[in-house]
1. Could you list Ser55, Ser71 so that the one with the fewest beta carbons within 10 Å of its beta carbon is first and the one with the most is last?
2. When a footprinting reagent is the concern and you count Cβ atoms within 10 Å, what order do His185, His34, His208, His102 take, fewest first?
3. In the chain, what % of DSSP beta bridges are antiparallel (nearest 5)?
4. Enumerate the aspartates and glutamates that Lys123 could reach by cross-link, defined here as Cα to Cα under 12 Å, with residues fewer than 8 away along the same chain left out.
5. How large is the Kirkwood hydrodynamic radius of the range 158-218, in angstrom, based on all distinct alpha carbon pairs?
6. In whole percent, what relative contact order does the range 133-204 give with Cα contacts below 8 Å and a gap of six or more residues?
7. Mind jotting down a quarter of the surface of the convex hull over the alpha carbons of the range 122-172, in square nanometres, one decimal?
8. Between the range 173-233 and the range 17-45, what is the C-alpha centre distance in whole Å?
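Each reported figure results from applying straightforward, stated rules to the coordinates on display, with no laboratory input. Computed from a predicted structure; not experimentally measured. Neighbour counts run over all protein chains shown; Cβ positions are idealised from the backbone, glycine included.
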Amino acid sequence: MNPDDLKKLAAARALELVRPGMRLGLGTGSTAKHFVDLLGARVAGGLDVLCVATSQATQAQALALGITMSSLDETPELDLTVDGADEIDPELRLIKGGGAAHLREKIVASASRRMIVIADETKLVERLGRYPLPIEVVPFGLETTRRAVATAIESAGESGELVLRRRPDGSALVTDNANHILDAHLHAIGAPERLATALNAVPGMVEHGLFLGIASGAILAGEGGLRLLGAIE
Ligand code: 5RP
């Protein structure tokens, strides 16, 4: 199976968790996109659910499929969020934000009773950090914030390069929230909780991609079949 088939397999398993009347958070990225496609087919068949998207891209996809969409203002509490991840460790700690959507993804997942991660099994790592950690920052005072983020990373006992994420045309990437992303190339994160605490204290840092204590379970698809981590049902 190619990686895309594996992502779809994980998405299909997550769809089994959906019940009529549920309020769902819809993730962002290629794996979450499969889940939204499959959900759309069920909605076309009569399933009644109310959903909140984690990005403009997912919102557009879901609306095109005829899924009834809401906002966290109208629907502040959700039953289940299904989303992908860039890395997952055995303690269900995640790195997210490869698609620059981690701010809304974290808000939506935190508003949900359960967050289930769907991924192909290559996303499972012993230690977080090989994937660059996305850090969303406001454009105002970017260089000052960049230096403060670098100091916070150092104070947390980590080290690595901070790179402003750019679009293919070379301009700074702008998120759905009109912010920028600094990608921290840390290679291995020794203490994710300590790093998260240090980053959270930086003015101008809006949200980082460490999801700690948020995911309830993960559905990982590999050549050997599905592997479940944590609480799925
Ligand atoms: C977007 C994310 C995605 O969930 C993450 O990047 C995984 O994406 P994909 O399913 O395409 O591998 O965090 O901000």
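1. Ser71, Ser55
2. His185, His34, His208, His102
3. Numbers: 23 of 42 bridges.
In the chain, DSSP labels about 55 percent of beta bridges as antiparallel.
4. Asp86, Glu87, Asp89
5. Working: mean 1/r = 0.0746 Å⁻¹.
Taking the inverse mean of 1/r over all distinct Cα pairs, the range 158-218 comes out at 13.4 Å.
6. 47
7. Computed as one quarter of the Cα hull surface, the answer is 4.9 nm².
8. After rounding, the separation between the Cα centres reads 22 Å.
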